[in-house]
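Here the structure comes first, spelled out in structure tokens, and everything after it is commentary.
The values are calculated or read from the model by the stated rules, or taken from the named source; none is laboratory data. Quick caveat: nothing in here was measured; it's all calculated off a predicted structure. Cβ atoms come from the backbone with ideal geometry, glycine included; neighbour counts cover every protein chain shown.
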Ligand code: AMP
Ligand code: MG
């Protein structure tokens, strides 16, 4: 059984093809990189409209299959930016109708967790999902994926990207700051905001920019932001693990590629005797393979959708998904 997945919740449009054993046959993507400012939803959607068809062709070529070998079309139904979601949903509907195969809308956050379970040894982990727009601590409990903690304002990736942008660095700023942080040594005072299992980052952004104006180096600030923000994330992940009695941790989302974050969460996990799992980088960022895999699992669990039911949901909550495949 082969599923194709189309991802397009935000800056990245991606197409992946997987089989029923979670073997990744293809996983290609293209990302909008605005020259100035942040991501404009309409411009990102135009970008996705331009790239989605060539990417489908490329994925099929890489997988070495024919379009007619596909059994399911899956797409990212939400949460995300409206124009982007509608663009990839339209592409997915057209593909499913023309091939006359089932279509499945997938929750993007759940897909980050499912691909981690698919490609690592994790079975029932607490997921620390850290991306541009989202920051959530998710685990399976009483038949649903539930959000135990999350950001109360901006996502961690957003904090990194916005700070980088204000310092004149390119998008995405996260990986650039990770390199710069290695040259930093002074831990500058930044607000540590943890409320129960929730976190907040916008105060840290304001404080870091104020310190920058006062002459602090970008290296020291990158170092300090990472130390403080990642400590917050590690703390809430540990609290969620203790709260629900789960002894596996999985990382997902683009920021999960950060070595310092992996080191801090890994240290916490090993202190608890818990394994930590990190999928390969191209499965951490937004990608089509995770959508394909989750769509395939959902379909196996009996999920069926009419075209009418494929309308997108910008605020699609993780705990709204009926998890019938576990
Ligand atoms: P996603 O939204 O899951 O595709 O992830 C994109 C986000 O991951 C952006 O905010 C990037 O800045 C961030 N990111 C990617 N690589 C790294 C890294 N090595 N360190 C920190 N952030 C990263
Ligand atoms: Mg994501």
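Tell me the residue from 297, 219 that is more than 18 Å from the chain's Cα centre (by Cα), outside any loop (DSSP other than H, G, I, E, B) and either within 16 Å of ligand 2 (Cβ to nearest atom) or more than 28 Å from residue 26 (Cβ to Cβ) (or both), please.
219
Among the residues of the stretch 241-263 satisfying the criterion of being within 22 Å of residue 202 (Cβ to Cβ) and surrounded by 20 or more Cβ atoms within 10 Å (Cβ to Cβ), which is farthest from the chain's Cα centre (by Cα)?
This residue is 261.
Among the residues of the stretch 229-277, how many are under 21 Å from residue 110 (Cβ atoms) and in a helix (DSSP H, G or I)?
Final tally of qualifying residues: 12.
Working only within the stretch 128-158, note down all residues that are within 13 Å of ligand 2 (Cβ to nearest atom) and at pLDDT below 95.
Answer for the stretch 128-158, where residues must be within 13 Å of ligand 2 (Cβ to nearest atom) and at pLDDT below 95: 131, 132, 133, 134.
Report, by residue number, each residue of the stretch 115-140 that is out of contact with any strand residue (DSSP E or B) (no Cβ under 6 Å at 6 or more places or on another chain) and in a strand (DSSP E or B).
130, 140
Could you say which residue among 194, 126, 104 is away from ligand 1 (no atom under 16 Å from the Cβ) and more than 28 Å from residue 291 (Cα to Cα)?
After applying the criteria, what remains is 194.
Here are some residues: 147, 130, 126. Which one is within 15 Å of the chain's Cα centre (by Cα) and surrounded by fewer than 21 Cβ atoms within 10 Å (Cβ to Cβ)?
147
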